[in-house]
Amino acid sequence: MVDPSVFSFIIGIIAVIVAAYIAFLIIRKDAGTERMKEVARYISSGTETYLRRQIRTISLFMPFLAAIIYIIFDIETAIAFVIGVFLSLVAGYVGMNVAVRANVRTASAARTSSANALRIAFLGGAVMGLLVPALSIMGLFILKMVLVKLQALVGFGFGASLAALFSQIGGGIFTKAADIGADLVGKIEEDIPEDDPRNAAVIADLVGDNVGDCAGRGSDLFQSFSDDIITGMILGTIFAFRYGPNAITFPFIMQALGILASILGISLVRQWKGISPSGSLFLGLVTTSFVNIIGLFFLSTVLLNDITIFMAGIFGLTATLITIFVVLYYTGLGYGPVKRVADTSKGGAAITIITGLSYGLQSSILPIAAVIVAISLSFMVSGQSLYSIVITNIGTDLLIGFIMASDTFGPITDNAAGIAELTEPTSKTRETLGSLDAVGNTMKASTKAFAMASGTVTTFVIFATYFEKGGIKAFSVTDPFALAAFFFGVALPLPFSSLTISATAKGAFKMVDEVRRQFREIAGLREGKATPDYARCVDIATTNALKGMILPGFLAVATPIVIGLMFGPYILGMLLVGATASSAILGFFFNNVGALFDNAKKYIEREFWMKGSPEHNAVVIGDTVGDPLKDVAGPSLLIFMKLLGMTALLILPSLLAIFP
């Protein structure tokens, strides 16, 4: 009998072929004027420089970790770890590479057609959206075929999570240090446009969009997608008595369904008559969801003969959609929270920030409730089967291809708007790209919400797998050691977030200092008669980001190892529960409040064009406060809580040997 997971491998190959074809179509598009090409080369060169140094830095640590994994575990786990690291970095790098080519072509297309600009930008994002899940499915399928022990795949998840953490933290610190430096000196002190060519930090800012929002997020969602398949297969072995071998392969097949549905949804995103760009994206999202629902019904009834599996998957998909729509309300330009934050800018920066923080705090409750309800309903309708929660978790991933395409659409349009600001004299082009940029910003916020909702369920499944494999059935609230571990876990995301935000602040300070120096010392720069030293700002952001990502990464890996070796698997399990709860709540808050501040700034600029006014200065300051929250701390927390779990799952066999 043919292994049903072969179907998933074939879908992965199809997705890679489609992504390659899309990339070919994009590269053939007109790249615009010579000045546009020149700016695009600045961005491409800065991006390549950063990523090469980042990969070199990560590569210094990986051989030592692989050797340790080999010594403690076995060669299979070590090989899986190395492949996980490699594919995680490749997924981000290749998709980002296409994005930096799509940005200038989007800017060029906007000169004549908003429809073409929308299409090119979204297709540029689709390359990342298809490559991320395709590489994961193909890599895991091959490892599943050649490895003797399924448990060795945990090494793959650990490697993917570790690479993603470094990519997301490093990329986030880079982009936000440059963004804050460019905004504070350019917009507030010098009163010049956002992407004015006189601003030395502007190229570093545009580079940061790619290394943070493209490469970093690609690695992030790669590891999330991979972790869900790995934990699903491991728990599936426990339920083979009920569903047969399909219990192990079903997570593969479900994820392949999501890729197919995403390909169809991506094909529908274009400028339809009478439909706005955001409406076109909504059409693609709804279509992707609908195809997933139909496909999941047939898969669950044919392969597992269990309608509750279908229901569990729908609960996961619904939780994701609820989370996305909640975030659209709190961060969308046309809704109350953004308008009210923008309105409070009349009272200054302090009141603006206070109002935004209040909305950010309340925005966490509904997404958390959606996740909790989805898990609880799945558990109830299945007769308290842990496998149903696995399927709910996979259900939250079904939109990942389309969502990742929408996310990468954001930095592409942001870059295109920056290129137009730097090179294009006509206001019509800048207005077209400005409107697409606003849509892209909201989609980036939705992606973070999607990732956090999916990641929260993923982490729940990871520690459920950990508890099941560790034989931990319950814990006592009267056990002071268990409670201490739980509360330590709750507190752990705070110093982690502090490290990432602090590193961003240090980079931003250096960036502000450098941009001020160049305005002060380069003759004719303020008047536009001289060119700033863009490369210097890129170098400052790169050096700071690579330094800043080391300590948070060490904290995420070392903590579960130290706690596990000192106190055993039971206490470590309680730490995982506390860290997950705290990270999920903080993550939603950080992501939402940052996007809210960002769009309040865009609302002021779009509706009233009050640049340089006290109101505009207030929302710019709010935006800079939110930047490290939404693009560094929030996304990093998502990876942090999953890396804690994968590290714990990796060392569990050793802990059980030490603490029988």
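Rounded to whole Å, give me the distance from the Cα center of the stretch 583-660 to that of the stretch 88-123.
First find each Cα centre; the distance between them is then 25 Å.
Calculate, in nm to one decimal, what THR57 and ILE142 gain on full extension: separation in residues at 0.36 nm each, minus their alpha carbon distance.
27.8 nm
By count of other Cβ within 10 Å, fewest leading, how are ASP513, ASP196, ASP414 ordered?
Result, fewest neighbours first: ASP513, ASP196, ASP414.
Could you list GLU521, GLU514 in order of exposure, starting from the residue whose Cβ has the fewest other Cβ atoms within 10 Å?
By the 10 Å Cβ count, ascending: GLU521, GLU514.
Which one, HIS616, GLY573, PRO628, is farthest towards the positive end of the dipole of the stretch 571-660 when Lys and Arg carry +1 and Asp and Glu -1 on their Cβ?
Value: GLY573.
Among TYR534, ILE403, PHE174, which residue has its Cα positioned farthest towards the positive end of the charge dipole of the stretch 5-658, with +1 placed on the Cβ of Lys and Arg, -1 on the Cβ of Asp and Glu, and the dipole taken about the Cα centre?
Checking the options against the dipole of the stretch 5-658, the answer is ILE403.
Write down the radius of gyration of the stretch 406-552 and its Dmax, each obtained from C-alpha positions, in Å.
23.3, 72
Which of THR237, THR106 comes first, and how do the rest follow, when ranked by fewest Cβ neighbours within 10 Å?
So the ranking, lowest neighbour count to highest, is THR237, THR106.
Restricting to Cα pairs below 8 Å that are 6+ residues apart, what does the relative contact order work out to for the chain? Please round to a whole percent.
For the chain, the relative contact order is 22 percent.
Do any chymotrypsin sites (Phe, Trp or Tyr not before Pro) in the stretch 97-196 lie in a loop, going by DSSP, with at most 12 other beta-carbon atoms within 10 Å of their beta carbon, and if so which? Spell out each step's value before the answer.
On the way: sites: PHE122, PHE141, PHE156, PHE158, PHE166, PHE174; in loops: none.
Passing sites in the stretch 97-196 do not exist.
Kindly provide the helix-only [θ] at 222 nm of the chain, computed as the sum of -39,500 (n - 2.57) over DSSP H runs of four or more divided by all residues, to the nearest 500 deg cm²/dmol?
-28500 deg cm²/dmol
Starting from the Cα of ARG526, step 7 Å along the direction of its Cβ; do the same at ALA31; then give the gap between the two resulting points in nm.
3.6 nm
No lab work stands behind these numbers, since they all come straight from the coordinates. What you see is a predicted model, and the numbers here were worked out from it, not measured in a lab. Virtual Cβ from ideal backbone geometry, glycine too; neighbours counted across all protein chains shown.
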